[in-house]
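Attaching a single structure in structure tokens format; questions to follow.
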Amino acid sequence: AQSVSQHNHHVILSEAASLELGCNYSYGGTVNLFWYVQYPGQHLQLLLKYFSGDPLVKGIKGFEAEFIKSKFSFNLRKPSVQWSDTAEYFCAVNAKAAGNKLTFGGGTRVLVKP
Amino acid sequence: GAVVSQHPSWVICKSGTSVKIECRSLDFQATTMFWYRQFPKQSLMLMATSNEGSKATYEQGVEKDKFLINHASLTLSTLTVTSAHPEDSSFYICSATMGVETGELFFGEGSRLTVL
């Protein structure tokens, strides 16, 4: 079945470390890609999105993601994390092949130790 | 930015009762709203797509008679969990879009339902 996969369920790292979260999808054709973040006790917020153009997308709070079409990937990165980046991160894909419904990956819980 | 508000944010009810959750787009008109369910430590599962003025489209495995969705206006969609049971306890999240084609969604705060 077509899906969105996030490889890491939990990530623990120290402040100032670099973060990379993997996201792969299995839809062919045109896709729109998103990363959402859910801070503890808060609702989902959009970090960044890719529709077209430059495959390296910069979002809020120093996050960026790179769309690699050949690898069906949209990995999220941040060079130096802060304690406040502790949250759950969701990759999501909107694909014409899936009827334009937004499908979420399983999420990655990130814990940044101070 | 676009704001979506859900109410109530949490509700506790007795088994067998019905519970209504409201989802409002505060500063934009949402022709399409989506209802998700999030189980503990799991991702969001799409329950149904709600279009203003028409019947909701339910995902496979979601009981339409159990989860009644009404999208009466461009700014309001409601989810009613009928004859709730403990297994319906979950976190329900609504979202709205200004453009279905792009897929960008704006999320409500979520509503935590606990059925005793």
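The values are calculated or read from the model by the stated rules, or taken from the named source; none is laboratory data. Computed from a predicted structure; not experimentally measured. Glycine also receives a Cβ, built like all others from the backbone with ideal geometry; neighbour counts cover every protein chain displayed. Ligands, DNA and RNA are stripped out before the accessible areas are found, and what is left, the full protein with its side chains, is counted by its heavy atoms. Shrake-Rupley method; radii C 1.70, N 1.55, O 1.52, S 1.80 Å.
Lys and Arg at +1, Asp and Glu at -1: add these up for the other residues within a Cβ distance under 14 Å of B:PRO8 and post the number.
+1
How would B:VAL62, B:VAL81 line up by accessible area, probe 1.4 Å, largest first?
The residues order as B:VAL62, B:VAL81, largest area first.
Number of Lys-Lys pairs in chain A under 18 Å by Cα, sequence gap 8 or more or different chains?
13
Calculate the dipole size of the protein assembly as shown relative to its Cα centre from +1 charges on Lys and Arg beta carbons and -1 charges on Asp and Glu beta carbons; express the result in debye to the nearest 20.
So the magnitude is around 220 debye.
Just the isolated ones, please: cysteines in the protein assembly as shown lacking another cysteine beta carbon under 4.7 angstrom.
Taking the Cβ cut-off of 4.7 Å, the unpaired cysteines of the protein assembly as shown are B:CYS13.
Further question on the same structure: Project the alpha carbons of the protein assembly as shown onto their principal axes and report the range along each, largest first, in whole Å.
49, 39, 36
Determine the total buried accessible area between chain B and chain A, counting protein heavy atoms only with a 1.4 Å probe; round to the nearest 100 Å².
The contact between A and B buries close to 1500 Å².
Could you pull the accessible area for B:PHE106 with a 1.4 Å probe, rounded to 10 Å²?
In the full protein context, B:PHE106 sits at about 40 Å².
State in Å² the accessible area per residue of the protein assembly as shown; use a 1.4 Å probe, count heavy atoms of protein chains only, and round to the nearest integer.
Value for the protein assembly as shown: 48 Å² per residue.
State the number of lysine pairs found in chain B whose Cα atoms come within less than 24 Å, restricting to pairs 8 or more positions apart or on distinct chains.
8
OK, next. Could you tell me the relative contact order of chain A? Use alpha-carbon pairs under 8 Å, at least six residues apart, and round to a whole percent.
37 percent
Continuing with this model, one more query. With every protein chain left in place and a probe of 1.4 Å, what is the accessible surface of B:THR80, to the nearest 10 Å²?
B:THR80 has an accessible surface of roughly 30 Å² with all protein chains in place.
Report the accessible area of B:GLU109, computed with a 1.4 Å probe over the heavy atoms of all protein chains in place, in Å² rounded to the nearest 10.
For B:GLU109, the solvent-accessible surface is approximately 80 Å².
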